[in-house]
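The values are calculated or read from the model by the stated rules, or taken from the named source; none is laboratory data. Only a predicted model underlies this, so the values are computations on that prediction, with no experimental measurement involved. Note: ideal-geometry Cβ built from the backbone for every residue, glycine included; neighbour counts use all protein chains shown.
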Amino acid sequence: MDFSFDARTEELRAELLDFMDRHVYAAEEVFREQLESSGDHWAWDAVPVMGELRAEARRRGLWNLFDPGEHGAGLTNLQYAPLAEISGRSHLAPAAMNCAAPDTGNMEVLSMFGTPEQQKEWLEPLLDGTIRSAFAMTEPAVASSDATNIELSIVRDGDEYVLNGRKWWITGAMNPNCRIFIVMGKTDPTADRHRQQSMVLVPRDVPGLEVKRGMHVFGYDDHDHGGHAELVFTDVRVPVTNLIGEEGAGFAIAQARLGPGRIHHCMRSIGVAERAIELMCARAASRVAFGKPIADQGVVRDWIAESRVRIEQLRLLVLKTAWLMDTVGNKGAHTEIQAIKIATPATVQWILDKAIQVHGAGGLSQDFPLAAAYAGIRTLRFADGPDEVHKNALARAELRRQEARR
């Protein structure tokens with residue numbers, strides 16, 4: 001395993017670091033003010049400064065870096081990892097580079113499984129950044145950590161599918177520019193449990209689809225990336241040509257989508273942790289308590305040292321996973337993907353907690369990015385599968401491996 005950066009990565013890394021320093025960090029407060037004063041609370045991509053950032057990212061060749069195929073930069077996971085980490089330092093950067101979830105995963109699905117017609121109508125504008133999308137899988141009435149529980153019905157009626165059911169926590173769906181939903185539901189409840197589900201494309205303006213409400217996360221509505229919506233489908237009709245792949249392939253497509261998504265989340269989360277450490281050190285050095293700088297307090301130094309150790313360990317695990325995905329494929333890296341999904345949110349949450357503590361009451365406020373980052377990272381312990389599901393599967397695989405060695 002060689003984790004040194006090649007020439008292409010070094011070039012893009014230098015460009016991205018300059019983009020962050022010159023444009024992104026300075027735009028954070030401007031973006032917040034412009035979005036709050038805009039006529040639409042949810043339309044983050046219509047904010048003027050975001051348009052400026054996206055134009056600058058395009059100009060610098062920092063567009064669609066996530067996509068390893070012909071539509072993107074053609075980077076490997078190992079090449080993309082340090083770039084995603086840098087972008088994770090600001091909530092604006094992934095969106096500015098067209099590298100933000102859920103659009104990235106949806107573009108990957110359409111690239112891998114979409115028909116030429118579906119790619120023309122939906123993938124191309126997503127790649128161009130002119131529309132947004134959402135992925136509708138989670139439901140309020142079932143434990144969606146087991147994707148085979150999904151109940152939304154997809155019934156064929158002639159040349160159409162009819163959808164009935166509810167979804168919630170559908171990220172990005174509150175944005176009016178979210179024009180297309182990839183919806184997972186059951187087409188055959190009598191089939192094998194992993195062949196009951198299918199995915200269909202549902203345009204936002206189709207009759208019977210109601211965007212009911214936005215969900216709150218620890219009091220945040222996450223409007224700066226389109227919120228998380230509850231959706232109601234009542235006799236929603238779409239052409240059978242909107243089916244993605246084949247009937248019964250929904251579960252397999254979901255797994256193919258979630259693998260890259262999980263490592264992208266982890267890569268960006270390391271950037272969150274790095275910025276938290278920077279803020280923690282700056283705050284500790286600038287504040288005095290009980291006659292000496294907070295940085296001289298033993299417990300604070302312990303937090304700083306532990307934070308550095310933990311983030312270096314985590315980065316190595318993520319890089320190993322990226323390398324394995326590149327060399328043996330997502331299936332071969334399955335154990336490591338589960339491991340980083342378990343380790344990353346918990347580790348970064350711990351670091352954010354200590355950074356908040358060092359900041360005192362300020363750490364809980366809107367004056368620093370720590371509280372919002374904490375809410376986002378805590379959410380990641382549910383997104384793309386909760387900790388317990390990944391731990392159970394990882395333990396099962398380890399037990400089998402140990403049994404085989406006896």
Exercise. Looking at segment 262-273, is at least one residue surrounded by fewer than 20 Cβ atoms within 10 Å (Cβ to Cβ) and either β-branched (V, I, T) or more than 18 Å from D353 (Cα to Cα) (or both)?
Worked result: no
Problem set entry | Filter result for the condition that a residue is outside any helix (DSSP H, G or I) and exposed (fewer than 12 other Cβ atoms within 10 Å of the Cβ), over Q402, Q366 | Q366
Problem set entry | Odd one out for G129 among (1) at positive phi; (2) of a type outside the set (F, W, Y); (3) in contact with a Gly (Cβ under 7 Å, 6 or more places away or on another chain) | (3)
Problem set entry | Number of positions in segment 70-96 that are in a loop (DSSP other than H, G, I, E, B), touching a residue at least 40 places away in the same chain (Cβ under 8 Å) and under 25 Å from L316 (Cα atoms) | 7
For this session: Taking H216 as meeting all but one of (1) surrounded by 24 or more Cβ atoms within 10 Å (Cβ to Cβ); (2) free of Cβ contacts under 8 Å to residues at least 60 places away in the same chain, write down the number of the exception.
Result: (1)
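Conditions tested, residue by residue: (1) under 21 Å from P140 (Cα atoms); (2) out of contact with any Ser or Thr (no Cβ under 8 Å at 6 or more places or on another chain); (3) not charged (D, E, K, R).
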{"position": "Q196", "(1), (2), (3)": "yes, no, yes"}
{"position": "V202", "(1), (2), (3)": "yes, yes, yes"}
{"position": "E210", "(1), (2), (3)": "yes, no, no"}
{"position": "M215", "(1), (2), (3)": "yes, yes, yes"}
{"position": "D224", "(1), (2), (3)": "no, yes, no"}
{"position": "V240", "(1), (2), (3)": "no, yes, yes"}
Problem set entry | Of residues in segment 54-72 being small (G, A, S) and closer than 15 Å to E124 by Cα, the one surrounded by the fewest Cβ atoms within 10 Å (Cβ to Cβ) | G69
Exercise. Within segment 132-140, is even one residue under 20 Å from the mean Cα position of the chain (by Cα), over 22 Å from A95 (Cα atoms), among the polar types (S, T, N, Q) and not assigned by TED's automatic domain parsing to the domain that holds R54?
Worked result: yes
For this session: Would you mind telling me which numbered condition in (1) surrounded by 14 or more Cβ atoms within 10 Å (Cβ to Cβ); (2) farther than 18 Å from G261 by Cβ; (3) of a type in the set (A, V, I, L, M) A343 fails?
Result: (2)
For this session: Would you check if there is a residue in segment 144-156 being closer than 25 Å to A375 by Cβ, in contact with a Cys (Cβ under 8 Å, 6 or more places away or on another chain) and in contact (Cβ under 8 Å) with a residue 40 or more places away in the chain?
Result: no
For this session: Might you check whether a residue that is at pLDDT 95 or above and within 15 Å of the chain's Cα centre (by Cα) occurs anywhere in segment 226-237?
Result: yes
Exercise. For E139, all conditions in the list (1) under 22 Å from D222 (Cβ atoms); (2) in contact (Cβ under 8 Å) with a residue 40 or more places away in the chain; (3) of a type in the set (D, E, K, R) hold save one; what is the number of the exception?
Worked result: (2)
For this session: Could you check segment 244-341 for helices (runs of 4 or more DSSP H) lying wholly inside it with 3 or more residues that are closer than 20 Å to I86 by Cα and free of Cβ contacts under 8 Å to residues at least 40 places away in the same chain?
Result: 250-286, 298-327
